[in-house]
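Below is one structure, written out as structure tokens, with a few remarks after it.
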Amino acid sequence: MQILGEVWPTILISSVIVISLRIVYIFKNKEQFVFYKELLSLAFIIYVLCLFYVVTFQDVSWSTSNFIPFKEMFRYDFGSRLFIKNVLGNIVLFAPYGFFVGYFLRLKKFKSALFMILIASVSIEVTQLLIGRVFDIDDIILNIIGGLIGFAIFKSMDNIKKHLPNVLKRPIFYNIIVIIVIVLGAMYMLNLIELGV
């Protein structure tokens, strides 16, 4: 919520630009409009913008670089605020990336997903080091775990889809699911705003 509160102008402007370009492209090239696919593409762009913000703008001046695997992640008490933020946070941060990598590239094997996740995570950590932030090998390990969890979720959903009856494989079915998820997500966000979270 805090990140969305800080990056919403960037998300809004980027979304308007991307949506307008995409609509013109679809009409100009007479492509079929599939709501859930377009929304997934937009969600990926928003995710990348939020990821960019988290890894480049958040202040971490209290920390130093770590090149020893597992050194940082095991110094937090299990279930503590720092454990949730730094260990679980890094896993959750990269789960969407693993899902999107699987979805957009239609990857079949975990090693292919691992390679893509590793490239993204290492590039983030090296960039952080170059801009005066910190490099943490544990972040790479946790990002890989999160990314592979996201990829596993994609693979599971893809396998379930293969076994669905043909009527449930139509785009309208997925459009309805996406609309329900958006409505539930909006209700959840409004509830958090009312509670002042």
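Hydrophobic, long helices, defined as DSSP H runs whose alpha-carbon span along the helix axis is 27 Å or greater and whose mean Kyte-Doolittle value is at least 1.6, occur in the chain at 35-57, 110-130, 171-195. Among residues other than ASN90 with Cβ under 13 Å from its Cβ, the summed charge is -4 (Lys and Arg +1, Asp and Glu -1). In the chain, the C-alpha radius of gyration followed by the widest Cα-Cα span (Dmax) gives 18.8, 56 angstrom.
Based on protein heavy atoms only, segment 80-186 ends up with 57 Å² per residue of surface accessible to a 1.4 Å probe. With K and R counted +1 and D and E -1, the other residues having a Cβ less than 15 Å from that of GLN32 yield a net charge of +3. Just the protein heavy atoms count here, and of the accessible area of the chain at 1.4 Å, carbon and sulfur take up 73 percent.
What is the percent of Cα-Cα separations in segment 98-178 that go past 22 Å? Walk me through the intermediate numbers first.
On the way: 1290 of 3240 pairs.
When every Cα pair of segment 98-178 is considered, 40 percent fall beyond 22 Å.
Ignoring aspartates and glutamates fewer than eight residues from LYS108 along the same chain, the ones with Cα atoms less than 18 angstrom from its Cα are ASP158. For the listed residue pairs LYS30/LYS109; LYS71/LYS109; LYS28/LYS155, the alpha carbons are over 32 angstrom apart in LYS30/LYS109; LYS28/LYS155.
Assigning unit charges at the beta carbon (Lys, Arg +1; Asp, Glu -1) and nothing else, what dipole magnitude in debye, to the nearest 20, does the chain show about its Cα centre?
Numbers: 18 positive and 12 negative charges, 217 e Å.
The calculation lands at about 1040 debye.
Partner aspartates and glutamates whose Cα lies under 20 Å from the Cα of LYS161, excluding those fewer than 8 positions away in the same chain, are identified as GLU38.
The values are calculated or read from the model by the stated rules, or taken from the named source; none is laboratory data. Given the structure is predicted, the values throughout are model-derived calculations rather than measurements. Every residue, glycine among them, receives a Cβ derived from its backbone with ideal geometry; neighbour counts consider all protein chains shown. Surface accessibility is based on the protein's heavy atoms, side chains included, excluding ligands, DNA and RNA. Shrake-Rupley method; radii C 1.70, N 1.55, O 1.52, S 1.80 Å.
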